[in-house]
Amino acid sequence: MSLAPVRERYGDRLFKPERVATEIPRLSALAAMHDADTFRCLAGLGVSPGWRCLDVGTGPGHVARWLATKVGPDGTVTALDRDTRMLRTFENPANLEPLDADALTADPGRFDLVHCRIMLMHTPQRADLLARMASWLKPGGWLVVGDHVDFAAHSSPHAALRQTFAAMRRMLNTTIGTDFHFARDYAGRLRDLGLTEIGLDASTPVLRARTAPNEFWLRTWDQLWPRMVLDDEVYREARRLLKDPDVVDLSLTLVTAWGRRG
């Protein structure tokens, strides 16, 4: 009988939250890459003054702070993370409440909106956590989830980029159980949880030198590279391509889905 592999959790060795000086610039680049699309989706749901919101896996809190401005002083935003030290390095509005907790065991309450971005894909218990988040909705409340799916990087015309993205996917899957396909059927998953008014959005950032997507991947790869199975020369070429102003390509796609509790 073969035993299931023992995996680390996100943040144990990879992407450690206590490495604030490393993680805040990396996650700020991720926010700059995706915030406009996330905010567009959230605004379309009518986030309004007085709403009670939850941001799961808040990191530095870019989405949580945006929500706090939208719900106003009569609303609240709970920013949940296993470790909120990155969030606490910022000046946060009074209606934003940090919550150090494990989403797999927490019961943070009931909300008009529950949001989670780039977290479920890195959580092996993702299906259970998705169901837990749906259970935190008030009647009429919205669940909004977003994660990366590789619709484009695997077919890049640049061999070094194809190989580096592939090595990253393999290493993250083996090490922490990341699934780069889970979000592909978010619409169906939310429907299976009994949510209605399902919506879906997909946005693919462009890879171009000196932009947020390239900064994010360079900073991410530099953390992962020592544990990736990839030839040194290939990795150096991939980094060069992301710094070359003449190279234009496509990043991973952010798939965002939402549904409403009846």
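Where a number appears in this text, it was derived from the coordinates with a stated rule and is not lab data. Every value quoted in this text rests on a predicted model; they were computed, and no experiment measured them. All Cβ positions, even for glycine, are placed from backbone atoms using ideal geometry, and neighbour counts span all protein chains on display.
Nearest 10 degrees is fine. How inclined is helix 20-44 to the longest principal axis of the chain, computing both from alpha carbons? It is inclined by approximately 60 degrees. Taking only the C-alpha atoms of the chain, the Rg (one decimal) and the largest Cα-Cα distance, Dmax (whole number), read 18.3, 57 Å. For the chain, the longest principal axis of the C-alpha atoms and the axis of helix 62-71 are separated by about 20°. Given their separation in residues at 0.36 nm each and the Cα-Cα distance between them, SER135 and ASP244 gain 34.6 nm when the chain is fully extended. Among the trypsin sites (Lys or Arg not before Pro) in segment 210-262, those placed in a DSSP loop whose Cβ has at most 16 other Cβ atoms within 10 Å are ARG210.
Placing a pseudo-label 7 Å from each Cα along the Cα-to-Cβ vector at ALA202 and GLU97 gives an inter-label distance of 3.8 nm. In this structure the amide hydrogen of VAL247, modeled in the peptide plane, comes within under 5 Å of the amide hydrogens of ALA209, none closer than 5 places in sequence on its chain. With R₀ fixed at 22 Å, the C-beta to C-beta distance from GLU8 to VAL229 puts the FRET efficiency at about 0.85.
Output needed for segment 135-186: three equivalent-ellipsoid semi-axes, defined as square roots of 5 times the C-alpha gyration tensor eigenvalues, in descending order, whole Å.
Working: eigenvalues 191, 37, 8 Å².
Each semi-axis is √(5λ); the values are 31, 14, 6 Å.
Distance between the modelled labels on GLN125 and ASP83, one decimal in nanometres: 1.9 nm (7 Å Cα→Cβ projection).
How would you classify segment 27-132 from its alpha-carbon gyration tensor, with a ≥ b ≥ c the square roots of the eigenvalues: rounded for a/c under 1.5, else prolate if a/b is greater than b/c, otherwise oblate? Cα axes put segment 27-132 in the rounded bin.
How much net charge surrounds GLY141 when only the other residues with a Cβ under 13 Å from the Cβ of GLY141 are counted, with Lys and Arg +1 and Asp and Glu -1?
Working: positive: ARG52, ARG110, LYS138, ARG260, ARG261; negative: ASP112, GLU197.
Cβ neighbours under 13 Å give a net charge of +3.
Per-residue packing, averaged as other Cβ atoms within 10 Å, sorts the ranges 148-154, 101-107 into the order 148-154, 101-107, beginning with the highest.
When DSSP beta bridges are limited to those with both residues in the chain, what percentage is antiparallel, rounded to the nearest 5?
Working: 17 of 37 bridges.
The answer is about 45 percent antiparallel.
Straight-line cross-link partners of LYS70 among the lysines, defined as a Cα under 24 Å from its Cα and at least 8 positions apart when in the same chain: LYS138.
Calculated [222 nm] ellipticity per residue, helices only, for the chain: -12000 deg cm²/dmol; basis is -39500 (n - 2.57) per DSSP H run with n ≥ 4, divided by all residues, nearest 500. Sort segment 70-149 into rounded, prolate or oblate with this rule: let a ≥ b ≥ c be the square roots of the eigenvalues of the Cα gyration tensor; rounded if a/c is under 1.5, and if a/c is not under 1.5, prolate when a/b is larger than b/c, oblate otherwise. Verdict is oblate for segment 70-149.
Within the straight-line cut-off of under 12 Å between alpha carbons, the aspartates and glutamates reachable from LYS243 are GLU215, sequence neighbours fewer than 8 places apart in one chain being disregarded.
Could you tell me how many degrees, from 0 to 90 and to the nearest 10, lie between the Cα long axis of helix 232-243 and the main elongation axis, the longest principal axis, of the Cα atoms of the chain? So the inclination is approximately 60 degrees. Normalised by the number of residues in the chain, the mean separation of alpha-carbon contacts (under 8 Å, six or more apart) gives a relative contact order of 21 percent.
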